[in-house]
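A short reminder: the numbers here are calculations on the coordinates, not readings from a lab. It should be emphasised that the depicted structure is a prediction, and the values quoted were computed from it without experimental measurement. Glycine gets a Cβ as well: all are built from the backbone with ideal geometry, and neighbour counts include every protein chain shown.
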């Protein structure tokens, strides 16, 4: 697994928290691997744990949060393949706005159906999934 430096680790934590807050505000029940509290962790899929699992009625979202050093790694590719292989879920890759091109390139290279969520953590905002 790729190792993030301390700054990117903080960015990952911040992105996950911004996403969790936004999803809970929109009425989703959230489990998050890297966020404290009583939310619990998502269940593993093929031995891999998504960063966030959000459920609202019959909608299930699996969200993987990546930063510049991890967005194109083999670990990320394995996670996306495993998560998109699970029936009945929509998979999202959340990245800081400055990683959007890398995320788009990854989606094109992989040819797998997942949405990209641009995140603006310093203003506590997420963009529209694309």
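Before moving on, here are some points about what is shown:
- Normalised contact order of the range 6-126, rounded percent, pairs of Cα under 8 Å and 6 or more residues apart: 22 percent
- Cα-projected label distance for residue 97 with residue 60, points at 7 Å along beta-carbon direction, nm: 3.3 nm
- Placing a label point 7 Å from the Cα of residue 26 along the Cα-to-Cβ direction, the residues of the range 42-73 whose backbone N falls under 17 Å of that point are 51-66.
- Protection proxy ranking, peptides 104-117, 42-55, average beta carbon neighbours within 10 Å, highest first: 42-55, 104-117
- Mean residue ellipticity, 222 nm, helices only, the chain: the sum of -39500 (n - 2.57) across DSSP H runs of n ≥ 4, divided by residue count and rounded to 500, is -10500 deg cm²/dmol.
- The range 5-51 shape via C-alpha gyration tensor axes, a/c threshold 1.5: oblate
- Ordering of 21-34, 63-76 by burial proxy (mean other Cβ atoms within 10 Å per residue, highest first): 63-76, 21-34
- Per the Debye formula on identical point scatterers at the alpha carbon atoms of the range 6-126, with no solvent, log10 I(q)/I(0) at q = 0.16, 0.19, 0.23 Å⁻¹ is -0.71, -1.03, -1.53.
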